[in-house]
Amino acid sequence: MSGSRLDDAARAAWLYYVAGNTQDQIAAKLGVSRQSAQRLVSLAQAEGLVKVRIDHPIAQCLTLSRQLADRFGLAFVEVVPSDPGSDSTTLGVAQATGAEIERWLRREDPTIIAMGTGRTLKAAIEQLPPIECPQHKVVSLTGNIAPDGSAAFYNVVFTMADTVKSRSFPMPLPVIVSSLEERTMLQGQPMIRATLDLAAQAHVAFIGIGDLSDSAPLYLDGFITRDDLSALQQAGAVGEIVGRAFDAEGRVIEGLTNDRVASAVLPDPARCTIIASAMGRRKLPAIAAAIQGKMINGLITDETTAEALLQHR
């Protein structure tokens, strides 16, 4: 059995089982007949490629992973197949992120796992099976309180605690506070200080990357105003991680809303694996900047984004 034939079977299986395509849709996307698409999915089953996840490294994804790691000096890279017909910003990446989080949770040695926030991470956490791992600590990098005082919808530590039996450490703060003085006062509280210190000791961190276009999640979700967003854009901000905005060189913007972000500082990448889960054209400048600024040393993305990153200047 040739490797390319298995690659095609794995890709067809991914489109069917993960992306939810019909066999007619798979045939159109792969440029084959419906019968061929059906045979490819059947082949994937017969060869044992279909389990809970697609258990086969598609050659193109593996090649892109190696190229990204070599080009940018990343410690961890996983590239998942792209579905050409989908406009989802989480499909495939969320499943791969959930699988990687699960691998860390199943380690026997006590581990501190830091968690960011966002749509991709929330979708990833929803993939986790029940796991008993009392030896681990899961700590939030971001505040857990939305502007209206409710629990922040895309903060994942509370969702994770429903499934994963470990010690959980939320950050009982607003995501963005009213002033620098308030941030300093709140972060100086003993309970908050202890959580911030724990986050700094993390062995691995899973984060999302937000864009700062006119439809930036920080703005749409009500954490910053339109004027705040405009000021960040004028200052050259292209993306944000745990609410903290940065420019195209991966440098954190001074002042503006960053003075009011109550999130923990990202752990030191020299001692922590910081894995960003992000995909899509809109996020490309932010992903490239985070890599260039060495804010992250790990990446989970899709084929299309990986190819664009390798061509990005």
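Do you know the relative contact order of the chain, to the nearest whole percent, from alpha carbon pairs under 8 angstrom that are 6+ apart?
Values: 596 pairs, mean separation 58.3, N = 313.
In percent, rounded to a whole number, it is 19.
Suppose we keep just the alpha-carbon trace of the chain; what are its Rg and Dmax in angstrom?
Answer for the chain, Rg first and Dmax second: 20.1, 66 Å.
Pop out the carbon and sulfur fraction of the accessible area of the chain as a percent, whole number, probe 1.4 Å.
Values: 7140 of 14250 Å².
About 50 percent, which is the carbon plus sulfur part of the accessible surface.
If each Cα of region 7-155 is one equal point scatterer, what is log10 of I(q)/I(0) from the Debye formula at q = 0.10, 0.11 Å⁻¹?
Ignoring solvent entirely, the Cα scatterers give -0.46, -0.55.
What aspartates and glutamates could a cross-link reach from LYS283, if we take a straight Cα to Cα line under 15 Å and drop same-chain neighbours fewer than 8 places away?
Cα-Cα hits under 15 Å: ASP87, ASP211, ASP214, GLU240, ASP247, GLU249, ASP302, GLU303, GLU307.
Given axes a ≥ b ≥ c from the Cα gyration tensor, I'd like to know whether region 158-313 is rounded (a/c under 1.5), prolate (a/b larger than b/c) or oblate. Each step should come with its number before you reach the end.
Details: a/c = 1.76, a/b = 1.19, b/c = 1.47.
It comes out oblate by the Cα gyration axes.
Which residues does the label zone of ARG106 cover in region 127-142, counting backbone N under 15 Å from a point 7 Å along Cα→Cβ?
127-133
For the chain, give me the percentage of DSSP beta bridges that are antiparallel, rounded to the nearest 5 percent. Present the calculation step by step, with values, prior to reporting the outcome.
Working: 11 of 37 bridges.
Among the beta bridges of the chain, antiparallel pairing accounts for roughly 30 percent.
For region 98-134, state which GluC sites (Glu not before Pro) are in a DSSP loop and have at most 12 other beta carbons lying within 10 Å of their beta carbon.
Numbers: sites: GLU100, GLU102, GLU108, GLU126, GLU132; in loops: GLU108, GLU126.
Counting only loop positions with at most 12 other Cβ atoms within 10 Å, the GluC sites (Glu not before Pro) in region 98-134 are GLU108.
Assuming a ≥ b ≥ c are the square roots of the Cα gyration tensor eigenvalues, decide whether region 184-239 counts as rounded (a/c under 1.5), prolate (otherwise, with a/b larger than b/c) or oblate.
Numbers: a/c = 2.82, a/b = 1.81, b/c = 1.56.
Prolate shape, in that a/c is at least 1.5 and a/b is the bigger ratio.
In whole Å, what is the distance between the alpha-carbon centres of region 189-233 and region 127-182?
For region 189-233 versus region 127-182, the Cα centre distance is 13 Å.
Report the local net charge at PRO147: Lys and Arg +1, Asp and Glu -1, summed over other residues whose C-beta lies under 13 Å from its C-beta. Write down the numbers at each step before the final one.
On the way: positive: ARG260; negative: ASP148, ASP221, ASP228.
Once all neighbours under 13 Å are counted, the net charge is -2.
Just the number please: accessible area per residue for region 230-290, 1.4 Å probe, all protein chains included, in Å². Before the final figure, lay out each step's value.
On the way: 2360 Å² over 61 residues.
I get 39 Å² per residue for this part.
Report the net charge of residues surrounding HIS136, where surrounding means a beta-carbon distance below 14 angstrom and charges are Lys +1, Arg +1, Asp -1, Glu -1.
Numbers: positive: ARG103, ARG106, ARG107, LYS137, LYS165, ARG167; negative: GLU102, GLU108, ASP109, GLU132.
After counting each charged neighbour, the total is +2.
What percent antiparallel are the DSSP beta bridges of region 140-285, to the nearest 5? Mind showing how you got there, number by number?
Values: 9 of 15 bridges.
Approximately 60 percent, going by the DSSP bridge assignments.
Cβ under 13 Å from LEU30's Cβ, LEU30 left aside: what net charge do those residues give with Lys, Arg +1 and Asp, Glu -1? Mind dumping the intermediate values first?
Details: positive: ARG5, ARG11, LYS29, ARG34, ARG39; negative: ASP7, ASP8, ASP24, ASP83.
Net charge in that neighbourhood comes out at +1.
The values are calculated or read from the model by the stated rules, or taken from the named source; none is laboratory data. For clarity, every value in this text was computed on a predicted model and none was experimentally measured. Here Cβ is always computed from backbone atoms with ideal geometry, including for glycine, and neighbour counts include all displayed protein chains. Note: areas computed on protein heavy atoms with side chains; ligands, DNA, RNA excluded. Shrake-Rupley method; radii C 1.70, N 1.55, O 1.52, S 1.80 Å.
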